[in-house]
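Structure, as structure tokens:
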Amino acid sequence: GWRAVEWRPSVLLVGSSANSSSGGGLADVCANLTAVDASMRRPIGTISASWACRGPPASLALEYNVTTPVGVMATVQVPSPASSSSFKVMESGTTVWDGSKFVKGAKGVKGAALAADGSTAVVVSVGPGSYSFVAAAQAA
């Protein structure tokens with residue numbers, strides 16, 4: 001059967017919240033920490049995630065790479081690069097989140113929704129495989 005795994009960049013940030021309601025969120029994090037790479041070996045296979053901040057604060061983008069082994073369904077929490085929920089998330093060049101809604105079409109991506117924790121993050125559901133997400137602010 002399928003196993004569920006959840007990766008959140010905030011876990012990889014050693015206790016910092018990428019979507020803090022107290023200020024600039026990801027921009028504050030990226031001012032001090034620009035990249036993280038982590039992996040975890042499990043009996044079902046290796047699960048890995050890495051992210052990197054790209055660009056100046058005014059046009060900040062987040063690159064987030066995730067690999068899940070065969071037989072694993074995962075949820076990937078992608079934080080907003082802006083202080084609002086108006087941002088786009090793409091997977092390998094295909095849009096999966098467009099400001100306020102899930103966009104079908106990226107292979108292996110099962111769905112996306114705003115995080116239930118009140119943050120501006122988007123939770124993306126994926127099947128087994130390797131994914132390369134980019135989150136960037138929407139053009140005004």
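Bear in mind these aren't lab numbers, they're just calculated from the coordinates by the rules spelled out. Model, not experiment: these values are computed from the prediction. No Cβ is skipped: glycine too gets one built from the backbone with ideal geometry, and neighbour counts run over all protein chains shown.
Worth pointing out:
- Some residue of the stretch 78-90 being in contact with a Pro (Cβ under 9 Å, 6 or more places away or on another chain) and among the aliphatic types (A, V, I, L, M): yes
- If the condition is being part of a helix (DSSP H, G or I) and surrounded by 17 or more Cβ atoms within 10 Å (Cβ to Cβ), then the stretch 29-85 contributes V29, C30.
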